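Trainee: First, the structure itself, so that you have it in front of you.
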């Protein structure tokens with residue numbers, strides 16, 4: 001949850017303030033480095049919650065699983081193409097607004113997954 005918050009409130013707003021030539025040079029490095037952290041976290045969370053739903057079904061876990069699937073869809077259908085436009089240097093103001101908009105969806109979803117997990121654990 002902390003990583004997605006950092007991306008939403010610090011990293012993505014910074015990208016839109018970079019000069020195009022600086023952004024082009026940095027973005028490939030950023031994308032490779034962040035992917036090393038993000039993909040294992042996403043698949044790990046999917047595995048843990050998927051196991052919880054399978055092993056001891058409850059609605060909090062099921063809602064969490066649906067939120068995780070939604071986050072995957074937003075990531076691969078919305079965020080990845082927007083990042084591709086930055087890598088291809090075809091980005092415009094809509095690209096950065098789109099990243100913030102769709103990442104906000106992921107930020108809310110992952111925050112809810114965290115909170116539902118906490119409620120499930122404490123309840």
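Trainee: For the range 82-94, indicate whether the set of residues that are under 23 Å from residue 10 (Cβ atoms), out of contact with any helix residue (DSSP H, G or I) (no Cβ under 7 Å at 6 or more places or on another chain), touching a residue at least 60 places away in the same chain (Cβ under 8 Å) and assigned to a helix (DSSP H, G or I) is non-empty.
Mentor: Yes - at least one qualifying residue is present in the range 82-94.
Trainee: Test residue 104 against the stated conditions and say whether it is within 25 Å of residue 10 (Cα to Cα), modelled with pLDDT of 95 or more and part of a helix (DSSP H, G or I).
Mentor: yes
Trainee: Among the residues of the range 23-46, count how many are surrounded by 11 or more Cβ atoms within 10 Å (Cβ to Cβ) and over 16 Å from the mean Cα position of the chain (by Cα).
Mentor: Residues flagged as surrounded by 11 or more Cβ atoms within 10 Å (Cβ to Cβ) and over 16 Å from the mean Cα position of the chain (by Cα) within the range 23-46 amount to 6.
Trainee: Given the options 70, 51, name the one that is within 30 Å of residue 118 (Cα to Cα) and within 12 Å of the chain's Cα centre (by Cα).
Mentor: Residue meeting the stated conditions: 70.
Trainee: Out of the residues in the range 113-123 meeting the condition of being part of a helix (DSSP H, G or I) and surrounded by fewer than 17 Cβ atoms within 10 Å (Cβ to Cβ), tell me which one is nearest to the chain's Cα centre (by Cα).
Mentor: Looking at residues that are part of a helix (DSSP H, G or I) and surrounded by fewer than 17 Cβ atoms within 10 Å (Cβ to Cβ), I get 114.
Trainee: Please enumerate the residues belonging to the range 16-56 that are over 20 Å from residue 80 (Cβ atoms) and not in a helix (DSSP H, G or I).
Mentor: Scanning the range 16-56 gives 17, 19, 56.
Trainee: Evaluate the range 59-68: report whether one residue or more is touching a residue at least 12 places away in the same chain (Cβ under 8 Å), under 30 Å from residue 22 (Cα atoms) and assigned to a helix (DSSP H, G or I).
Mentor: Checked the range 59-68: no residue is touching a residue at least 12 places away in the same chain (Cβ under 8 Å), under 30 Å from residue 22 (Cα atoms) and assigned to a helix (DSSP H, G or I).
The values are calculated or read from the model by the stated rules, or taken from the named source; none is laboratory data. On a predicted model such as this, the values are computed, not experimentally measured, just so you know. With ideal geometry, Cβ positions are generated from the backbone for all residues, glycine too; neighbour counts draw on all protein chains shown.
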